[in-house]
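The values are calculated or read from the model by the stated rules, or taken from the named source; none is laboratory data. Here the structure is a predicted model, which means the values were calculated and not measured. Note: ideal-geometry Cβ built from the backbone for every residue, glycine included; neighbour counts use all protein chains shown. Side chains included, ligands, DNA and RNA excluded: accessible areas come from the protein's heavy atoms. Shrake-Rupley method; radii C 1.70, N 1.55, O 1.52, S 1.80 Å.
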Amino acid sequence: MGEPNTETQINFDENQAAVTTTKWTPQTDTAIFITDNGQSITHRKIIRRWNRLSRLQRSIIYGLLIVFAAILVFLYPTIFSNTMRGNTRKTNVKLPLGLFFKLRPEYASSNNLSLVNEANLKVSALRNKVSVNLEENEKRPLFSGPSTWRQYAVVQSFKHAWKGYKEHAWGHDNVKPVSGMISDWFSLGLTIVDSIDTAYIMGLHEEYEEGKKWVKEELVFTKNKDVNFFEVTIRVLGALLTNYHFTGDEMFLDKARDLGERLMPAFHSPSGIPYSDVNLGMGTAHPPEWSHYSTTAEVSTVQLEFRELSRATKDPQFEMAASAVSEKIHALPKKHGLVPIFINPNTGHFLPHATITIGARGDSYYEYLLKQWLQTGKTINYLLEDYMAAVEGIRQFLAKRSSPNKYLFIGELSAGSEAFNPKMDHLVCFLPGTLALGHANGLPDWHMTMAEELLYTCYLTYAAHPTFLAPEITHFNMPNDKESSDLYDNEASATNDMYTKIADSHSLLRPEFVESLWYMYQITGNVTYQDWGWQIYQSLEKYAKVTNGYTSLANVKVERPVYKDMMESFFLSETLKYLYLLFSEDRYLIDLNKYVINSEAHALPIHRN
Ligand code: DMJ
């Protein structure tokens, strides 16, 4: 009785991926090869013919077999193996070895040529599909997990934070990592949504998959609840779009579209300047309860996300509404490119004499001028003009040197008097990274000099404290600044350039400084920035790590800080992500030539226009 015969069929599933099915049929004779003329040959005949061959003929056949085997060994992995450059993606089409023969007529008998041709037709269709997908794949960054021990440490920190959140607050916005209690703000599972792209970048497949499952099954935008338009845009919409671009999973885009449509009522003000609050379930929007005004940084820090939503969905309504806001603000009078921090959605005008700052409520207006210009392939000139004017305004009016050591810092112009106030929020430490990004894209050298100097001052705001962590706000001594010394007599020192008031001494473990370190590292390759980041990371481990994650601190000025019992979603989304990127040997792990990073550290693709 002969061996069972196999018949291999190549079919194509709905994705045009090759599916080989092997049909087993009982064998009735001993034929195992088919000759050119279709005759069957038995084992004995083969052996007899082999014995008749001369030694030379046998050597030639052995040689040919060896060459054939060598070709197989070299070609198989190149052509057919899964390159594993991504994770589970459509592009990883694995072709069975059997198909290899069917693709190449030279390896098939003439009787099988029609089958070969048929298979080749199907496979060339498949190949076209594969090459299209490979092109898409090339646009996606590829992450294979930590490659340095510092990165490995950050991954462990992320896992610790994720575990605490998962065990105590899963599906809620935040965990209180000391008490293990929950905290809700918008009831959108903020920590999950905001941080799964960090897990993806770190190669944490388990955490990524459980977060993605929650997004798919639990994340809904139908609740009758007011949310902050800006925060939900940068944290949730931004994250959904990044996950869509990283993975190609349409689920993320569907959620993003749904959310985008529900956020649109914010733009339905008389001026088109967005209201601060939106009720996603009811489809209504309104100003904050305490004011008629919206915050300037908030209304001008949604454009990257809304533009990307339009580009991804091919629905222009989102980009049009958000771009109109930038155009309106462009047309408003400003103080040397600098903007007051409040704007009226009814009139479309700034609140006159409101504070001017690069810190809270002003910061990301400046950031998004540059990043929108980059996102649109440097094609929208007014964005660059406004950015250049603003940086010049910062240099002239807000950039000062401290006493006695002449450290560069960025102060504020106070509400009402517009008097200079030598106070700098930690938030301002995003600016060195943005300035360096501009310089890397052709802007003047002095932008880079300012970036380097300011980054050093930001570093000193950490180094000045026993915890090696920075406070929320730092005050600076100015030359002959009698008033500031008197005002804060208990806390200021004539010999120290900077000091921290008790009321400003808390830390939310914000990302801005390590964000700028990463920009500078990618742009310059200088590993000193990695060492600075490592110092900060060690402080986080020493002072902020608690049982269920990492906690905000009440006072960085003391060796034993009191805990604030809150883990912000941006700690996972931004702080740990930037540290991980900073510690990579490959400084282009997320390439700034291909991506703009939104204000919550979510990467969005750069377009040609
Ligand atoms: C984040 O939510 C964003 O970076 C925002 O633009 C500013 N504040 C926090 C982090 O500090």
Requested in this report: Return the pairs, sorted by first residue and then second, in which the second residue is modelled with pLDDT of 95 or more and not in a loop (DSSP other than H, G, I, E, B), the first residue lies in the stretch 548-562 and is farther than 14 Å from Y165 by Cα, the beta carbons are less than 6 Å apart, and the residues are 6+ apart or on different chains.
Outcome: L553/S507; V556/S507; P561/Y543; P561/L553
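Condition (residue is modelled with pLDDT of 95 or more, open to solvent by 40 Å² or more (accessible area, probe 1.4 Å) and in a loop (DSSP other than H, G, I, E, B)) applied to the stretch 148-160: is it met by at least one residue? Lay out the reasoning, then the answer.
Restricting attention to the stretch 148-160, the residues satisfying the condition of being modelled with pLDDT of 95 or more are 148-160.
Right, trim to open to solvent by 40 Å² or more (accessible area, probe 1.4 Å) and you get 149-150, 152, 156, 159-160.
Narrowing the set further to residues that are in a loop (DSSP other than H, G, I, E, B) leaves none.
Within the stretch 148-160, none of the residues are modelled with pLDDT of 95 or more, open to solvent by 40 Å² or more (accessible area, probe 1.4 Å) and in a loop (DSSP other than H, G, I, E, B).
Somewhere in the stretch 288-299, is a residue outside any strand (DSSP E or B), β-branched (V, I, T), in contact (Cβ under 8 Å) with a residue 40 or more places away in the chain and open to solvent by 20 Å² or more (accessible area, probe 1.4 Å)? Outline the logic, then answer.
First, the residues of the stretch 288-299 that are outside any strand (DSSP E or B): 288-293, 296-299.
Cutting the leftovers down to β-branched (V, I, T) gives us 296, 299.
Remaining after also requiring in contact (Cβ under 8 Å) with a residue 40 or more places away in the chain: 296, 299.
Filter once more, keeping what is open to solvent by 20 Å² or more (accessible area, probe 1.4 Å): none.
So far as the stretch 288-299 goes, no, none of its residues is outside any strand (DSSP E or B), β-branched (V, I, T), in contact (Cβ under 8 Å) with a residue 40 or more places away in the chain and open to solvent by 20 Å² or more (accessible area, probe 1.4 Å).
Give the stretch 547-577 a look and list any residue that's under 18 Å from F468 (Cα atoms), in contact with a Phe, Trp or Tyr (Cβ under 9 Å, 6 or more places away or on another chain) and surrounded by 18 or more Cβ atoms within 10 Å (Cβ to Cβ), or say none.
We begin by selecting, within the stretch 547-577, every residue under 18 Å from F468 (Cα atoms); these are 550-564, 571, 575-576.
Now restrict to residues that are in contact with a Phe, Trp or Tyr (Cβ under 9 Å, 6 or more places away or on another chain): 550-554, 556, 559-561, 571, 575-576.
Matches in the stretch 547-577: Y550, T551, S552, L553, V556, P561, F571, T575, L576.
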Query raised in the report: Within the stretch 433-484, restricting attention to residues that are open to solvent by 40 Å² or more (accessible area, probe 1.4 Å) and in contact with a His (Cβ under 8 Å, 6 or more places away or on another chain), which residue is farthest from T551 (Cα to Cα)?
Result: D445
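Scan the strands (runs of 3 or more DSSP E) fully inside the stretch 383-478 and keep the ones with 1 or more residues being within 16 Å of the ligand (Cβ to nearest atom) and either more than 30 Å from I606 (Cα to Cα) or at pLDDT 95 or above (or both).
Numbers: elements: 399-401, 408-410, 423-425, 473-476.
Filter on the stretch 383-478 gives 408-410, 423-425, 473-476.
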Report task. Provide a single number: the residues in the stretch 222-266 that are more than 16 Å from the ligand (Cβ to nearest atom), surrounded by fewer than 19 Cβ atoms within 10 Å (Cβ to Cβ) and outside any helix (DSSP H, G or I). Result -> 6
Query raised in the report: S276: buried (at least 22 other Cβ atoms within 10 Å of the Cβ), closer than 20 Å to L190 by Cβ and either among the small types (G, A, S) or touching a strand residue (DSSP E or B) at 6+ places or on another chain (Cβ under 6 Å) (or both), yes or no?
Result: yes
Requested in this report: Give me a count of the residues in the stretch 516-537 that are within 16 Å of the ligand (Cβ to nearest atom) and either polar (S, T, N, Q) or open to solvent by 10 Å² or more (accessible area, probe 1.4 Å) (or both).
Outcome: 1
